[in-house]
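The structure appears below as structure tokens.
The values are calculated or read from the model by the stated rules, or taken from the named source; none is laboratory data. Just so it is clear, the structure is predicted and the values come from calculations on it, not from any experiment. With ideal geometry, Cβ positions are generated from the backbone for all residues, glycine too; neighbour counts draw on all protein chains shown.
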Amino acid sequence: MIALLMLAEATAMPMPAFLSGCWEQRREDGGWTEECWTDTRGSLMIGSGREGKGDKVRHWEWMRIERGADGAVTFYGSPKGAPAVGFKATKADAKSVTFVNSNHDYPQRVRYMVTDTGLEAEVSLADGSKADRWSYRRTAGPAK
């Protein structure tokens, strides 16, 4: 019975459809960060991110968010092609999602939140400390 309740709760966690499309943050020093996400088709979203300055890329990452066979929604990050690390969704609604993996060194928490002007992203330790934040603006609509 408990396993059925846990599966029902995990299945009820929505996919973060609000991420679909491309997002960018530009800094006054010429630096930039961008993320692009596909839609939620097939309970799978595929994302890419890169950060740099001017025409030089300093960092890049492949990402995916998927609903597993157990119904859980998980974010996987693969910086510069490293083996993917999973973070389980712990909270989600139509405008925000939080993923946590307390066993990872850093980050342990990944959060996205829709705002009136765009999208806020944050990585941190599980308790919210040592946070790095980005304020994105949409550069392209949801992928279709």
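For the residues Tyr106, Tyr112, the requirement of being among the hydroxyl-bearing types (Ser, Thr, Tyr) and in contact with a helix residue (DSSP H, G or I) (Cβ under 7 Å, 6 or more places away or on another chain) singles out Tyr112. Inspect region 21-34 for any residue being among the β-branched types (Val, Ile, Thr) and within 25 Å of Gly128 (Cβ to Cβ) and give the result as yes or no. Within region 21-34 (the criterion being among the β-branched types (Val, Ile, Thr) and within 25 Å of Gly128 (Cβ to Cβ)), the answer is yes, since at least one residue qualifies. Among the residues making up region 25-48, a single one is in contact with a Cys (Cβ under 8 Å, 6 or more places away or on another chain) and either free of Cβ contacts under 8 Å to residues at least 24 places away in the same chain or polar (S, T, N, Q) (or both): Ser48. You will find that of Thr98, Thr74, the residue that is among the hydroxyl-bearing types (Ser, Thr, Tyr) and touching a Ser or Thr at 6+ places or on another chain (Cβ under 9 Å) is Thr98 and no other.
One residue stands out in region 101-114 among those that are under 20 Å from Thr40 (Cα atoms) and free of Cβ contacts under 8 Å to residues at least 24 places away in the same chain: the one that is farthest from the chain's Cα centre (by Cα), namely Met113.
Results for (1) among the hydrophobic types (A, V, I, L, M, F, W, C); (2) crowded, with 18+ Cβ neighbours inside 10 Å; (3) within 15 Å of Gly77 (Cα to Cα); (4) modelled with pLDDT under 95, shown as yes or no for each residue.
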| site | (1), (2), (3), (4) |
| --- | --- |
| Phe99 | yes, yes, yes, no |
| Ser102 | no, no, yes, no |
| Met113 | yes, no, no, no |
| Ser129 | no, no, no, no |
| Trp134 | yes, yes, no, no |
| Gly141 | no, no, no, yes |
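When Gly30 is tested against (1) in contact with a Lys or Arg (Cβ under 7 Å, 6 or more places away or on another chain); (2) within 17 Å of Ala121 (Cβ to Cβ), exactly one condition is not met: (2).
None of Ala82, Ala92, Ala69 is under 19 Å from Phe18 (Cα atoms) and not charged (D, E, K, R) except Ala92. Looking at region 12-92, the strands (runs of 3 or more DSSP E) lying wholly inside it that each contain 2 or more residues that are at pLDDT 95 or above and among the aromatic types (Phe, Trp, Tyr) sit at 31-37, 56-67, 73-79. In region 93-100 there is no residue that is assigned to a strand (DSSP E or B), touching a residue at least 12 places away in the same chain (Cβ under 8 Å) and of a type in the set (Lys, Arg).
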